[in-house]
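No value in this document is a laboratory result; all are computed from the given coordinates. Computed from a predicted structure; not experimentally measured. With ideal geometry, Cβ positions are generated from the backbone for all residues, glycine too; neighbour counts draw on all protein chains shown.
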Amino acid sequence: MTTTAVKQVLTEEEVARFWEQGYLLVKGVLARDEAEYYRGVILDMVPRDLTIPAHWHSTAGRIKPMNLDGNHTFDTPELLPLLFNERLYAVAAQLLESPRLRAIDGSLGITLRNQSRDGILSQTPHLDASVPADIPNFLFNLEELQVGGCYYLGDVEPEGGGIHVVPGGHRLVEEKAAPHSEGRHLYNDWKRIDDFPVSVEVTGEAGDFALLHHLMPHAASHNRRPRPRVAQFTRFIREDHPHHPAKPAPPGRYNDRQLESMTPLGRKLLGVDPW
Ligand SMILES: O=C(O)CCC(=O)C(=O)O
Ligand SMILES: [Fe+2]
């Protein structure tokens with residue numbers, strides 16, 4: 001077992017802002033040309049005749065590629081490195097106060113220009129917390145925390161389909177859930193947060209990462225700009241997570257090409273090698 005020190009990549013001010021606001025735009029996680037590369041890989045998945053495969057999701061201009069088996073993780077050798085970006089990992093390790101993390105998710109989203117007059121949001125504000133919905137309440141500790149969000153693989157200007165968040169909303173979730181015996185089940189298991197303060201759009205540049213606390217109410221928004229918003233979602237949890245304790249990747253989980261694309265850090269974050 002090796003112990004790796006947690007590198008301090010965020011300033012004290014950024015760390016304080018994350019805990020206060022519940023989100024942080026991490027600038028320049030990818031270089032602009034890297035972001036453009038991943039953007040191209042994802043856009044090339046869309047059939048050029050715009051026939052959207054029946055097993056993909058498509059809602060209000062938001063296209064979510066899916067695998068045939070219903071899994072939303074895209075871990076091809078081309079996209080896999082997004083799950084083990086060194087800088088983003090260092091940010092997550094600093095916030096989670098542990099170097100021993102797992103990287104999860106790997107889902108994708110393409111938000112097309114959409115003139116719907118049906119409000120600003122294309123989703124009800126919700127949580128995707130790292131806590132099973134049958135658990136009575138959150139623990140509100142670092143072991144249970146999940147930090148994650150989306151890489152912006154192109155500039156996201158105002159009304160460009162940026163993710164919406166409620167500044168400080170994670171603290172409001174805790175305030176409501178903590179004293180309640182069934183806090184995990186409020187707001188329909190936190191899938192319909194309908195009376196929280198107004199949300200704001202997280203804008204950013206190609207290569208930035210919108211990082212959210214897992215108790216941050218958030219929602220997708222309509223894209224009013226011509227260019228699609230292309231995003232990849234990555235999340236981090238600690239190896240000692242109370243509900244998802246780390247297990248090694250089962251033999252055969254990754255093929256040779258996937259294994260070749262993994263760095264030593266990637267192998268640990270994906271459970272191929274132990275920490
Ligand atoms: O695409 C976005 O900006 C957010 C999507 C989201 O939160 C979700 O699909 O759970
Ligand atoms: Fe979500």
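In this structure, the amide hydrogen of residue 148, modeled 1.01 Å from its nitrogen in the peptide plane, lies closer than 5 angstrom to those of 212, 236, counting only residues at least 5 positions away or on a different chain. Protection proxy ranking of 80-87, 131-138, 48-55, 61-68, by the mean of other Cβ atoms within 10 Å over each peptide's residues and highest first, is 80-87, 61-68, 131-138, 48-55. Using a cut-off of 30 Å between Cα atoms, the listed pairs 64/268; 64/176; 27/64; 64/191; 7/247; 7/64 include 64/176; 7/64 as exceeding that distance.
Neighbours of residue 90, meaning other residues whose beta-carbon lies under 14 angstrom from its beta-carbon, give a summed charge of +2 when Lys and Arg score +1 and Asp and Glu score -1. Computed from point charges on the beta carbon alone (+1 for Lys and Arg, -1 for Asp and Glu), the dipole magnitude for the chain about its Cα centre is near 420 Debye. Under a Gaussian network description of the chain, with springs only between Cα atoms under 10 Å, the residue in 221, 116, 199 that fluctuates furthest is 116. Across region 120-125, coupling constants 3J(HN,Hα) worked out from phi with the 6.51/-1.76/1.60 Karplus curve, θ = phi - 60°, read 8, 8, 10, 8, 6, x Hz, and Gly and Pro carry x.
Using the Kyte-Doolittle scale, find the helices of the chain whose mean hydropathy is at least 0.0 and whose Cα atoms extend 18 Å or more along the helix's long axis, counting only whole DSSP H runs. Correct list, ordered by number: empty.
For residue 205, nonlocal amide neighbours, meaning residues 5 or more places apart or on other chains whose placed amide H falls under 5 Å from its own, are 156. Take the Cα of residue 12, step 7 Å toward its Cβ, do the same at residue 189, and the gap between the two points is 4.2 nm. Other residues with beta-carbon under 11 Å from the beta-carbon of residue 237 carry, at +1 per Lys or Arg and -1 per Asp or Glu, a net charge of -1.
Taking 220, 178, 92 as the candidate residues, the one with maximal mean-square fluctuation in a Gaussian network model of the chain, Cα springs under 10 Å, is 178.
For the chain, the Kirkwood radius over C-alpha pairs fed into Stokes-Einstein at 37 °C and 0.692 mPa s yields D = 171 µm² per second.
In order along region 151-168, the Karplus-derived 3J(HN,Hα) couplings, from 6.51 cos²θ - 1.76 cosθ + 1.60 at θ = phi - 60°, round to 6, 8, 9, x, 5, 10, 7, x, 6, x, x, x, 5, 9, 9, 9, x, x Hz, and Gly and Pro are given as x. Qualifying GluC sites (Glu not before Pro) in region 166-197, where qualification requires a DSSP coil assignment and no more than 11 other C-beta atoms within 10 Å, comprise 182. For region 181-194, 3J(HN,Hα) computed residue by residue from phi via the Karplus equation (6.51, -1.76, 1.60; θ = phi - 60°) reads 5, 10, x, 5, 9, 4, 6, 6, 6, 6, 9, 9, 9, 10 Hz, glycine and proline entered as x. A cut-off under 14 angstrom between Cβ atoms defines the neighbours of residue 13, and their net charge, with Lys, Arg +1 and Asp, Glu -1, is -1.
In this structure, the amide hydrogen of residue 57, modeled 1.01 Å from its nitrogen in the peptide plane, lies closer than 5 angstrom to those of 64, 66, counting only residues at least 5 positions away or on a different chain. Secondary-structure-derived ellipticity at 222 nm for the chain, considering helices only, amounts to -6000 deg cm²/dmol, per-run term -39500 (n - 2.57) for DSSP H runs with n ≥ 4. Between 47, 217, 167, the residue with the greatest mean-square fluctuation in the GNM of the chain (Cα pairs under 10 Å linked by springs) is 47.
In loop segments of region 201-271 as defined by DSSP, there are no chymotrypsin sites (Phe, Trp or Tyr not before Pro) with at most 16 further C-beta atoms inside 10 Å of their C-beta.
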